[in-house]
Ligand code: UT7
């Protein structure tokens, strides 16, 4: 009998309907469709305009889709983890609000803050609870309403981000499928390259933080780009090498969707062609913690039991990592 592993057994997702195109952004800031497409690969992103609907709304929608697909009673869920940098509020955790909204009355719930690596870190955390035998069903959600922390007068960041949510159910597997291995890293020495300065205990909200625009995301594009190219490519290559895999063994690379050029470098480093790379940055932009599960949602119907999938991410912190999964089910028939 194979060891007890955690396998993804269902996926759910939610995207707001409103599209913010490059042409729309040309009206807001000094940019062009050509610049955005060639430098990032993005054509449009989704925006949750309704000010009364926050990250928990999108996360709950994604979770409800998953529950419905699996015809699953929410009271069976043991743990809800939400990865986000745009929680509804500092506390309580957005995961608590989501668990209540979906009826996961027997679950405990908490958030993970690891920016663009949030889903990967949450997946690794959830995996441990399944592997240890403590839990049978863990819901891992990546959700961000980035439009609430983006300054739409700053052309260097406003073209990059979008809103969205997606989730995965983790259950035990003893047939050699599921999350096989993962590597996680963080390095806080360059935290200020990608951050939101205001509102925390360092710079509590005040007229000064408002005036300085410290409640918006701040990114120094070039240093983050350089670190992301190296970090994401290295960690994905390390993971496949230490498991004796080659590019030929991998069915799909599922990279965090921040910049097409970073993704391209990662794929080349791993020796895989772009046909094997899940890409939806063109349609959704960078949805932070949601990019990887949104890709899985888009490609779910094509995935087959036994497919080798590598997830890889890099983000604020810095945080970065990669996971190797042997996919556990065919297509969308997860029931
Ligand atoms: O998801 C978490 C991790 N985040 C990332 O991985 C993002 C990493 N960084 C990047 O993807 C890229 O650095 C950006 C897409 C953010 C920027 O691309 P870049 O090729 O690094 O551009 P740059 O920052 O070097 O700027 C080049 C020029 C500058 O003008 P000058 O100084 O050369 O005159 C910018 O002011 O492009 C200008 N620029 C723009 N021009 C038109 C910056 N943003 C824009 C824009 N439209 N939206």
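Checked against (1) at pLDDT 95 or above; (2) touching a helix residue (DSSP H, G or I) at 6+ places or on another chain (Cβ under 6 Å); (3) within 14 Å of the ligand (Cβ to nearest atom), residue 266 passes all but a single condition, namely (1).
Scanning the stretch 60-83 turns up at least one residue that is crowded, with 18+ Cβ neighbours inside 10 Å and either within 16 Å of the ligand (Cβ to nearest atom) or within 24 Å of residue 156 (Cβ to Cβ) (or both). Does residue 37 satisfy the condition of being within 16 Å of the ligand (Cβ to nearest atom) and at negative phi? Considered against the rule, which asks whether it is within 16 Å of the ligand (Cβ to nearest atom) and at negative phi, residue 37 comes out as yes.
Yes/no matrix, rows are residues, columns are (1) under 21 Å from residue 89 (Cα atoms); (2) out of contact with any strand residue (DSSP E or B) (no Cβ under 9 Å at 6 or more places or on another chain); (3) more than 16 Å from the ligand (Cβ to nearest atom):
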position: 202; (1), (2), (3): yes, yes, yes
position: 205; (1), (2), (3): yes, yes, yes
position: 208; (1), (2), (3): yes, yes, yes
position: 213; (1), (2), (3): yes, yes, yes
position: 218; (1), (2), (3): yes, no, no
position: 231; (1), (2), (3): no, no, no
position: 238; (1), (2), (3): no, no, yes
position: 244; (1), (2), (3): no, yes, yes
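Pick from the stretch 285-320 the residues that are at positive phi and within 16 Å of the ligand (Cβ to nearest atom): which of them is nearest to the chain's Cα centre (by Cα)? Among them, the one singled out is 288.
Do you know which of the residues in the stretch 156-177 that are within 12 Å of the ligand (Cβ to nearest atom) and in contact with a helix residue (DSSP H, G or I) (Cβ under 7 Å, 6 or more places away or on another chain) is farthest from residue 11 (Cα to Cα)?
The selected residue is 156.
Run down 181, 163, 248, 238 and say which single residue is closer than 30 Å to residue 325 by Cα, under 19 Å from the mean Cα position of the chain (by Cα) and surrounded by fewer than 19 Cβ atoms within 10 Å (Cβ to Cβ). Break it down stepwise before answering.
Details: 163 fails: surrounded by fewer than 19 Cβ atoms within 10 Å (Cβ to Cβ); 248 fails: under 19 Å from the mean Cα position of the chain (by Cα); 238 fails: under 19 Å from the mean Cα position of the chain (by Cα).
Result of the check over 181, 163, 248, 238: 181.
The values are calculated or read from the model by the stated rules, or taken from the named source; none is laboratory data. All of these numbers come straight from a predicted model, not from anything done at the bench. Every residue, glycine as well, gets a Cβ built from its backbone with ideal geometry; the counts of neighbours run over all protein chains shown.
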